[in-house]
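Below is one structure, written out as structure tokens; comments come after it.
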Amino acid sequence: MLTLIRQELYKQLHGKFYIGWGIVTLAMALFAGFVYHSSKELSQINANGPIFSSAIIVVLVAMIVFASSILTTDFSNNTVKYLFARQFSRGKIFISKLVTIVVMYVYLLVVSFVSTLIANALFNKMRSIPFDVFGNRISGMSFYLFLMLSLVLLISCLFKSNAVAIAIGIVFYFVVSIINPFLSIFIYYHSWVKYIPLTFLNVYSQTISPMMSEMTKLSLNEMRVGSIIWGIVFLLITYVVYNRRNV
Amino acid sequence: MKTLEVQSLNKFFGRKQALFDVSFDIEPGTILGLIGPNGAGKSTIMKSIVGLTDYNSGSIKIDGKELTKNKRSSLENVGSMIESPAPYLNLTGRQNLKLFNDGSTTDEEMQEIMEETQIIEFADRKAKKYSLGMKQRLGIAISLLNHPKLLILDEPMNGLDPQSTHDLRDLLVKLSKRGISILISSHLLDELSRIADYYVVINHGKVIKKSDAKSFLSEGPKTIKFEVKDTDAAKSALDAAGFTATVYDKTVEIEDNNDSTAMNAGLSALNQAGIEIENVSRNQTDLEESLLKLLSSDNNKEAK
Ligand SMILES: Nc1ncnc2c1ncn2[C@@H]1O[C@H](COP(=O)(O)OP(=O)(O)O)[C@@H](O)[C@H]1O
Ligand SMILES: [Mg+2]
């Protein structure tokens, strides 16, 4: 198991993903800092919260891209013939992939934090760090990503394509806010509708703005539990598909 | 104990059966050549062994231990390269080896593997810049990591130039002398003719022959070839004399027997018919030819 995780990380370390998306995250934080700095009114307030929130949206996109390809590239490059031909069970390989996703997420969170500190120093007059806001964003994002990435993994595995998974992942992100009005109508008429996965994709929004509960008709904790349950369901299906895949 | 035992392996792709009761085994330190035309099922057999694909029934044992999709510990001692080498292209050869090293191969052993497979000179270049032959050698190097007892190589000579093929043959013989068992496939018998200890010939997913190298050679049907101008006339003359003659290009062939009676009878039949004979040769069929005959007679059976 450790061997597998070490191998996955070795690949990442020799890839460009972590550097590229690290730079984009930093750029986003600097850009947000600069926007707040340049505006007369906005420069009066502590921009650290918004800066971190901007960075973390980049993390979201990066993680969708990352998760969508982590299972499929082995198939498209054929490297799966070495990966699957050894003594390791597919379950262990699958778990090592999940661990790698978590490691990448933690790394990008650290980058977001450091980027915020840099932007703070350059554009935000070294104001105080609102750790409660950061914690709130990280918690919301973590539940959201657990659900979203499970879905992305499943799609990538079913369609055998990372492009489809990235597209659907990103589209979901934007579409959720468009669909919400319709969703709330459905929920109004049929209250069970609130339990569909789509509702739980609002967990990040609801963490930031508790008002969302009027639409979802679920408390924040219910939203969290629901995200976890659906996420686990998607992961289990993904595992079954992955385990049966013939090479 | 046998290094590998494959028993009554059956495999379907949808409704199409790709393997029919395939059975064979490998003794320690021997090389088994899996021979068959393209599409015969060689890769499917190898994939079933290492768990890249499911099979419908049968059993596979490595070192006496039953192997299933979830009980894979005996694969620890198996190195494989199936269908085509598949290194990580954005890593160098050396990095690929480091990646696939489970920790039991020391740096010196790694160096030795690189030397034996002759990848040293380009080991620090990215694998995406490798030619097919270079990738093939890297693939073999990867399969040699972690001290395998069994090597499974699927058409490893594809893409190698004659010199590299020769070197790979030497390496495989050397490895088998060290006690490593090797399952190697090819659609060309010639590639394996000087190294395999045993052959398993498969066609349309069925084992049609199992034999050791020596008897494979001597069992081949022997023929007498008459080189003539008018092959059709020669064929009818020979057929009239009780032979079953076959026309190949400029020669007519009949089956030989162990003394010279067949040759003399054939010659006099041709003489009586007034057919000019340009050359006569009695030869033991070479391996490639006997394989082709074996396959075509199997295909005929299949057609009936
Ligand atoms: N994934 C697959 N789906 C359907 N049929 C397959 C698949 N892989 C192989 N086959 C079929 O199984 C047979 C054996 O293929 P294969 O083992 O690749 O042959 P070989 O390696 O001897 O050339 C062929 O008829 C091939 O078309
Ligand atoms: Mg093949």
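Numbers below:
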{"quantity": "Partner aspartates and glutamates for B:LYS222 [C-alpha distance under 19 Å; skip if fewer than 8 residues away on the same chain]", "calculated": "B:ASP190, B:ASP212, B:ASP239, B:ASP249, B:GLU253, B:GLU255, B:ASP256, B:ASP259, B:ASP286, B:GLU288, B:GLU289, B:ASP298"}
{"quantity": "Cα-only Debye scattering, the range A:2-244: base-10 log of I(q)/I(0) at q = 0.09, 0.10, 0.14 Å⁻¹", "calculated": "-0.43, -0.53, -0.98"}
{"quantity": "Computed log₁₀ I(q)/I(0) - Debye formula, equal Cα scatterers, no solvent, the range B:4-218, q 0.09, 0.13 Å⁻¹", "calculated": "-0.34, -0.72"}
{"quantity": "0 to 90° range, to nearest 10: angle between helix A:90-123 axis and chain A longest Cα axis", "calculated": "20"}
{"quantity": "Zone residues, the range A:1-30, relative to A:ILE208, backbone N less than 15 Å from point 7 Å out along Cα-to-Cβ", "calculated": "A:29"}
{"quantity": "Separation of alpha-carbon centers, the range A:1-59 and the range B:146-179, rounded to whole Å", "calculated": "48"}
{"quantity": "Leading residue at positive end of dipole, the protein assembly as shown (Cβ point charges), from B:PHE226, A:SER219, B:SER43", "calculated": "A:SER219"}
{"quantity": "Scattering profile of the protein assembly as shown at q = 0.09, 0.12 Å⁻¹ [log10 I(q)/I(0), Debye over alpha-carbon scatterers]", "calculated": "-0.81, -1.13"}
{"quantity": "Proximal lysines to A:LYS40, defined as alpha-carbon separation beneath 28 angstrom and excluding residues fewer than eight positions away on the same chain", "calculated": "A:LYS125"}
{"quantity": "Tilt relative to chain B, helix B:107-116 - C-alpha long axis, 0 to 90 degrees, to 10", "calculated": "20"}
{"quantity": "Too-long pairs where the Cα-Cα distance tops 26 Å, listed order kept, from B:LYS11/B:LYS61; B:LYS16/B:LYS135; A:LYS97/B:LYS128; B:LYS225/B:LYS293", "calculated": "B:LYS16/B:LYS135"}
{"quantity": "Cut-off 20 Å (backbone N to label point 7 Å along Cα→Cβ of B:GLN163), residues of the range B:122-140", "calculated": "B:122-125, B:130-140"}
{"quantity": "Mean Cα-pair separation over length for chain B, i.e. relative contact order, pairs under 8 Å, 6 or more apart, %", "calculated": "20"}
{"quantity": "Shape of the range B:140-231, Cα gyration tensor, a/c cut at 1.5", "calculated": "prolate"}
{"quantity": "Candidate lysines - alpha carbon under 22 Å from B:LYS129, same-chain residues fewer than 8 apart omitted", "calculated": "A:LYS11, A:LYS16, A:LYS81, B:LYS98"}
{"quantity": "Cα-based shape type of the range B:69-108, given that a ≥ b ≥ c are square roots of the gyration tensor eigenvalues and the cut on a/c is 1.5", "calculated": "oblate"}
{"quantity": "Kirkwood-based Rg to Rh ratio, the range A:133-247, C-alpha trace", "calculated": "1.00"}
{"quantity": "Full-extension gain in nm, B:LYS222 to B:ILE120, via 0.36 nm per residue minus C-alpha separation", "calculated": "32.1 nm"}
{"quantity": "Selection from A:SER156, A:SER54, B:ILE182, by position along the positive dipole direction of the protein assembly as shown (Cβ)", "calculated": "A:SER54"}
{"quantity": "Point-charge dipole on Cβ atoms (K/R +1, D/E -1) for the protein assembly as shown, about Cα centre, debye to 20", "calculated": "2680"}
{"quantity": "Inter-centroid distance (Cα atoms) of the range A:176-247 relative to the range B:6-22, Å", "calculated": "44"}
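Where a number appears in this text, it was derived from the coordinates with a stated rule and is not lab data. If you're wondering where the values come from, they're calculated on a predicted model, not measured in any experiment. Neighbour counts run over all protein chains shown; Cβ positions are idealised from the backbone, glycine included.
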